[in-house]
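Chemist: Right, I'll just put the structure down here and ask away after.
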Amino acid sequence: MLTDRRPILLANARVIDPSRDIDGPGDVLIADGVIRDLKRGIGAAGVPEGTDVVNCAGKIVAPGLIDMCAFVGEPGLGHRETFASASQAAATGGITTIICQPGTEPVIDNSATVDFVLRRARDTAIVNIQPMAALTKGLRGEEMTEIGLLRAAGAVAFSNGHTSVMNAQVMRRALTYARDFDALIVHHTEDPDLVGEGVMNEGEFASRLGLSGIPPAAEAVVLERDMRLVALSKGRYHAAALSSVDSLDILRRAREAGLAVSASVSINHLTLNENDIGPYRTFLKLTPPLRTEVDRRALVEALASGLV
């Protein structure tokens with residue numbers, strides 16, 4: 001049976017294309033599954049006969065988004081989420097590529113598991129799914145994985161999940177090996193000893209609530225160490241989720257020094273601060289924790305400037 005391949009015109013849209021620095025009103029003409037034209041007034045100038053015209057009424061039309069930090073259940077935790085269900089949710093939100101995290105059962109720390117993820121996703125998902133392999137075996141932070149073999153098998157980056165690699169020698173060695181394979185290391189920066197029993201940002205508000213606090217230094221200490229190890233190894237590095245002014249200062253200095261480093265920040269930390277916890281809203285217990293309003297504003301500015 002032939003597939004309906006009639007041209008589609010997305011009219012009256014807000015077109016955003018970062019690759020061409022486009023952000024404004026326009027139309028998008030799609031034919032044979034390919035974008036044929038993108039400019040203002042395509043509809044008024046005339047379109048091929050039989051074209052389906054969709055009036056976007058100012059809604060955004062943009063390239064597919066990439067979720068770099070998706071915790072999908074497969075393999076082993078399919079009761080939580082599968083590639084099929086995760087991909088359906090992603091597509092609904094305009095996400096066309098998912099980078100899945102290695103904290104599954106078993107951990108994605110060998111070539112066979114990487115191959116399983118790719119084959120399973122190919123057979124069941126409706127968006128692109130790529131695996132981020134474990135940086136250390138079993139995510140224990142003690143012995144690095146076979147970065148070259150995992151890269152060859154299809155891993156797009158390497159992470160230790162929600163935990164930091166606290167052994168500096170292991171981290172240095174991993175950065176060095178990753179450099180040789182042009183692999184990206186994505187690291188969660190949080191010192192578990194400084195975190196301790198903390199559940200929210202350390203400060204006056206935590207004291208008023210009678211809750212244990214997590215100082216910004218818990219993040220900054222690990223990030224500062226990592227920047228020095230990147231300088232030694234010349235590897236590629238991405239800080240998974242920053243939350244404080246101190247961390248942004250460290251990142252800025254590293255970028256100014258020419259290091260191949262980058263960072264991301266969660267939408268929670270861009271839109272909320274510690275005051276939103278209010279009367280013990282436990283669903284706002286996050287890792288890293290919500291910080292002060294000063295930190296939140298600094299994160300927004302860092303995103304706007306391109307630092308994040």
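The values are calculated or read from the model by the stated rules, or taken from the named source; none is laboratory data. Since we're looking at a predicted model, the values are computed, not measured. Don't worry about glycine lacking a Cβ; one is built from the backbone with ideal geometry, like all the others, and counts go over all protein chains shown.
Chemist: Looking at the stretch 221-241 only, could you name the residues that are acidic (Asp, Glu) and surrounded by fewer than 20 Cβ atoms within 10 Å (Cβ to Cβ)? Write out each step before concluding.
Modeler: Start the filter on the stretch 221-241 by keeping residues that are acidic (Asp, Glu), which leaves 224, 226.
Residue satisfying the conditions is GLU224 alone.
Chemist: Please enumerate the residues belonging to the stretch 70-96 that are surrounded by 17 or more Cβ atoms within 10 Å (Cβ to Cβ) and within 30 Å of GLY24 (Cβ to Cβ).
Modeler: Answer for the stretch 70-96, where residues must be surrounded by 17 or more Cβ atoms within 10 Å (Cβ to Cβ) and within 30 Å of GLY24 (Cβ to Cβ): ALA90, ILE95.
Chemist: Related question: If we scan the stretch 298-306, do we find a residue that is within 17 Å of the chain's Cα centre (by Cα), within 18 Å of HIS188 (Cβ to Cβ), in a helix (DSSP H, G or I) and assigned by TED's automatic domain parsing to the domain that holds ALA157?
Modeler: For the stretch 298-306, residues within 17 Å of the chain's Cα centre (by Cα), within 18 Å of HIS188 (Cβ to Cβ), in a helix (DSSP H, G or I) and assigned by TED's automatic domain parsing to the domain that holds ALA157: present.
Chemist: Name the residues in the stretch 41-61 that are touching a Pro at 6+ places or on another chain (Cβ under 8 Å) and modelled with pLDDT of 85 or more, would you?
Modeler: Selection gives THR51, ASP52, GLY58.
Chemist: Any residue in the stretch 29-47 that's surrounded by 10 or more Cβ atoms within 10 Å (Cβ to Cβ): show its pairings with residues that are of a type in the set (Gly, Ala, Ser) at Cβ separation under 7 Å, as long as the two are six or more apart or on different chains.
Modeler: Note: pairs meeting the criteria are LEU38/GLY26; LYS39/GLY26; ARG40/GLY26; GLY43/ALA11.
Chemist: I need the full set of residues from the stretch 251-291 which are in contact with a strand residue (DSSP E or B) (Cβ under 7 Å, 6 or more places away or on another chain) and β-branched (Val, Ile, Thr), in order please.
Modeler: If the condition is that a residue be in contact with a strand residue (DSSP E or B) (Cβ under 7 Å, 6 or more places away or on another chain) and β-branched (Val, Ile, Thr), then VAL261, ILE277 are the ones that fit.
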